[in-house]
Amino acid sequence: MITKDIDTVAPAAPAPVADEPPQRPGKRRRAWDEAPRWQIYVPLGIYLLFTLIPFYWILLFALRKPGSTSLVPWPMTFEHFEKVWNERSFGTYFENSVYVGVATLFMTTLVALAGGYALARFDFKIKRAFMLALLCSQFVPGALLLVPLFQIFAELQMINSLGSVIIAETVFQLPLSMILISGFIRNVPYSLEEAAWVDGCNRFTGFRVVVLPLLRPGLIAVGSFAFVHSWNHFLFALMFLSNQDKQTIPVGLNSLMSADSVDLGALAAGGIIAAVPVVIVFAFIQKWLITGFSAGAVKG
């Protein structure tokens, strides 16, 4: 018998429907998006105004002629700058401040680098107690260190020497610098040093070749902090230095004020001389400074 296969006709498939574009969810408005713009910009403008007025005021006194009461420094004069630089020995103060700041920067960075590496890579019994002591030392004001430091420097015959100020500034900066650098080193994987040891490097060479280049932002942050603090610090220079040719800029600014009168023009010019180097330094290193402090704040 011949059987005939009967093809079953399948129902026709529906025509494909064009994909509809996905519906974008409505953007959730935040509280500050709903506020009028003036409620944001007016407080910011007022804050900016109160921030910039002191800077304009110091420029006004420094650039206008002596005895002038104009609110615009025109015609400008540089008499006050010449006076403080030549007559008030600000050139000498500037050189001393640069010397103290740079020396403090290098000494603080080198000692803190060694101490920070020990805290980050080695374990010892009193490590927690030592870290706690470093943190607690930040609550000690610098004025409490004056008497013991003065006695030590007097025994060493270092009074009226820039070396005494450099050592005092370094001691004052070391605890915070060691804590920061230890945080930077913890963020560098330990496996990188181990790989350098496998390649034949000793611990010092591995640290110099592998770890140290990665610490550049952190070292810049710590060094700049030490430099700015030593540049602006007034107390140690006032107590340990007596000769005028050994004094620094903060002490020189204080000498422009007397009980009888204050030369506002000279004081303003001296303040600008003291501020400009710090502003220039921060303008060049701000990129590495922000990166360094961000890296040291996060434990790897």
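The values are calculated or read from the model by the stated rules, or taken from the named source; none is laboratory data. Treat the numbers as computed from the prediction; the structure is a model and nothing was measured. FYI the Cβ positions are ideal-geometry reconstructions off the backbone, even for glycines, and counts take in every protein chain you see. To get the accessible areas, we keep the full protein, side chains included, count just its heavy atoms, and leave off ligands, DNA and RNA. Shrake-Rupley method; radii C 1.70, N 1.55, O 1.52, S 1.80 Å.
No solvent, one uniform scatterer per C-alpha: report log10 I(q)/I(0) for the range 177-271 via the Debye equation at q = 0.17 1/Å, two decimals.
-0.81
I need the phi-derived Karplus couplings for the range 193-206: 6.51 cos²θ - 1.76 cosθ + 1.60, θ = phi - 60°, integer Hz, Gly and Pro marked x.
In residue order, the calculated couplings are 5, 5, 5, 5, 5, 5, 6, x, 7, 7, 5, 5, 5, x Hz.
Can you give the Rg and Dmax of the range 121-175 based on its C-alpha atoms, in angstrom?
14.1, 41
Please express the Cα-Cα pair-distance distribution P(r) of the range 71-118 as a list of whole percents, one per 5 Å bin, running from 0 to the bin with the greatest distance.
All Cα pairs considered, the percentages come to 5, 17, 13, 12, 11, 11, 9, 8, 7, 5, 3, 1.
If I model a spin label at residue 144 and residue 275 as a point 7 Å from the Cα along the Cα→Cβ vector, what separation in nanometres do I get?
3.3 nm
Out of all Cα-Cα pairs in the range 60-185, roughly what percent, to the nearest whole number, are more than 27 Å apart?
For the range 60-185, the fraction of Cα-Cα distances above 27 Å is 45 percent.
Which whole-number percentage describes the relative contact order of the range 91-195, with Cα contacts under 8 Å and a sequence gap of 6 or more?
In percent, rounded to a whole number, it is 53.
For a quick check of understanding: with a 1.4 angstrom probe and all protein chains in place, what accessible area in square angstrom does residue 123 have, to the nearest ten?
Its heavy atoms expose roughly 140 Å² to the probe.
Explain nothing, just compute: Karplus ³J(HN,Hα) = 6.51 cos²θ - 1.76 cosθ + 1.60, θ = phi - 60°, for every residue of the range 122-133 in order, whole Hz, x for Gly and Pro.
Karplus-based 3J(HN,Hα) across the range 122-133 equals 10, 10, 9, 4, 9, 4, 5, 5, 5, 4, 5, 5 Hz.
Quick check: net charge around residue 102, other residues with Cβ under 13 Å of its Cβ, Lys/Arg +1 and Asp/Glu -1?
On the way: positive: none; negative: 95, 169.
In short, -2.
Out of the range 99-136, which chymotrypsin sites (Phe, Trp or Tyr not before Pro) are coil in DSSP terms and have no more than 10 other C-beta atoms within 10 Å?
Passing sites in the range 99-136 are 122, 124.
Compare 231, 85 by solvent-accessible area with a 1.4 Å probe and give them largest first, with all protein chains kept in place.
Ranked list, largest accessible area first: 85, 231.
Could you pull the Cα extents of the range 148-213 along its three principal axes, largest to smallest, in whole Å?
Dimensions of the range 148-213 along the principal axes of its Cα atoms: 50, 22, 17 Å.
Set the Förster radius R0 to 22 Å, insert the Cβ-Cβ distance between residue 214 and residue 118 as r into 1/(1 + (r/R0)^6), and round the FRET efficiency to 0.05.
Details: r = 18 Å, r/R0 = 0.81.
Efficiency at R0 = 22 Å is approximately 0.80.
Along Cα→Cβ, 7 Å out, is where each label goes; now give me the distance between the ones at residue 156 and residue 130 in nm to one decimal.
With each label point 7 Å from Cα toward Cβ, the separation is 2.1 nm.
So, for the range 104-145, what is the accessible surface per residue at a probe of 1.4 Å, expressed in square angstrom?
Ligands and nucleic acids excluded, the figure is 65 Å² per residue.
Relative contact order for the range 155-300: what is it in percent, counting Cα pairs under 8 Å that are at least 6 residues apart?
About 39 percent, as a whole number.
Using only the Cα atoms of the range 51-97, construct the convex hull and provide its projected area averaged over every direction, in square nanometres to one decimal. Write down the numbers at each step before the final one.
On the way: hull surface 16.3 nm².
One quarter of the hull surface, i.e. the mean projection, equals 4.1 nm².
For a quick check of understanding: with a 1.4 angstrom probe and all protein chains in place, what accessible area in square angstrom does residue 51 have, to the nearest ten?
Result for residue 51: roughly 50 Å² accessible.
Along Cα→Cβ, 7 Å out, is where each label goes; now give me the distance between the ones at residue 137 and residue 89 in nm to one decimal.
3.3 nm
Ordering 128, 37, 88 from largest to smallest accessible area (1.4 angstrom probe), what's the sequence?
128, 37, 88
Which part of the range 76-93 falls in the paramagnetic zone of residue 260, meaning amide N under 20 Å from the point 7 Å along Cα-to-beta-carbon?
84, 87-89
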